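Report on the structure given below.
The values are calculated or read from the model by the stated rules, or taken from the named source; none is laboratory data. These figures come from a predicted structure and were not determined experimentally. All Cβ positions, glycine included, derive from the backbone under ideal geometry; neighbour counts span all protein chains shown. Heavy atoms of the whole protein, side chains included, go into the accessibility calculation; ligands, DNA and RNA do not. Shrake-Rupley method; radii C 1.70, N 1.55, O 1.52, S 1.80 Å.
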Amino acid sequence: MSCNCHALLKGRLVRAFVVSAAILILLQITLVLVKTGPTASERDPLADALVIFQELGHRTPLLRHNFTQRLLCWIPSRPSSVRTKARHVWATWASRCDKTVFISAEPSDEVPTVVLPLPEGRDHLTIKSMAAFSYLYDHHLHEFDWFLKADDDTYVVIENLRLLLSRHSSSQAHVFGYHIDHETLKQGYLSGGAGYVLSREALRVMVEEGVRRDRCHSDGGSEDLEVTRCLETAGVQPEDSHDALGRSRFHPHALLSYLTSKECFSQQPEDKSFRADDCCSRDLISFHHLKAEDLYLIEFLLYHVNVHGRSP
């Protein structure tokens, strides 16, 4: 009898040891996974930058000077690009507009979104833009003086844009941006990536005389070309936005492209020939084709660095 008890006890001890060993192994595996698992920054390399610059933005005063005209910025977005593009735009330059809306087919908790249930994709940018301008006309026409359209891979220096706009009245039809030469449009068409800005009167005329009368292309084609054609149909021509030296303020390419090219990128008939380091106005407004990390780099250098002794 004692032998049976001894054997039973021994079996229980062995099972207990095996179970304990298994639990210890599982705990060790769990600790290894926790230590080596991806951090928030590794899951999204710009997660920390997003938080830091949102906080910096809250502490950085808006350089409004004496500009009293109100600016609304709208940016086409997609549900799939909110985390990779839109929220980084919102954490940097877009927060300096008087109001910013991202036009998308779905709502987002990360950026201020206006939901327009439209097909997504590059082939449908025209219908998104036409619908966006109609929405702005219906809901914000009398609240704002100027309406800027820019992409979610564009950086805009809002203070320099305000400086350009301060010389013009929003009660007259004005539109500014980067002109790309085109054989069927007198003043060329406006680069959507470089951004373009409409006065209140230009928006009103475009919607009332163009979009609402079905005189504009509703979808397909090149969005920036079709928007410019719609404006021209309504009697609004793009205007020159160069500085006094003839240098561009709006730019359809990335900043580095201008600094490393032998010649200026130019499809504007008004552009003169400049050295590669003199292509851009000192009052430049925009660059395009930027990565999210580029937005933070430009933001930091523009708003958080002092260069002592430098003359303006």
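Structure notes:
- Per residue, the accessible area of segment 132-244 comes to 37 Å² when a 1.4 Å probe rolls over the protein heavy atoms.
- Remark on segment 125-177: Rg and Dmax equal 12.3, 32 Å (Cα only).
- Rg and Dmax of segment 195-239, Cα atoms only, in Å: 9.7, 26
- Taken over segment 148-196, the ratio of Cα radius of gyration to 2.2 N^0.38 Å equals 1.25.
- The apolar share of the surface of segment 158-245, taken as the fraction of accessible area on carbon and sulfur atoms (1.4 Å probe, ligands and nucleic acids excluded), comes to 42 percent.
- Viscosity 0.890 mPa s, 25 °C: Kirkwood-radius Stokes-Einstein D of segment 122-215 over Cα pairs, µm²/s: 174
- Options S104, P76, W146, ranked by Cα towards positive dipole end of segment 62-166, top entry (Cβ charges): W146
- Note on H289: accessible area is roughly 110 Å² with a 1.4 Å probe, heavy atoms of protein only.
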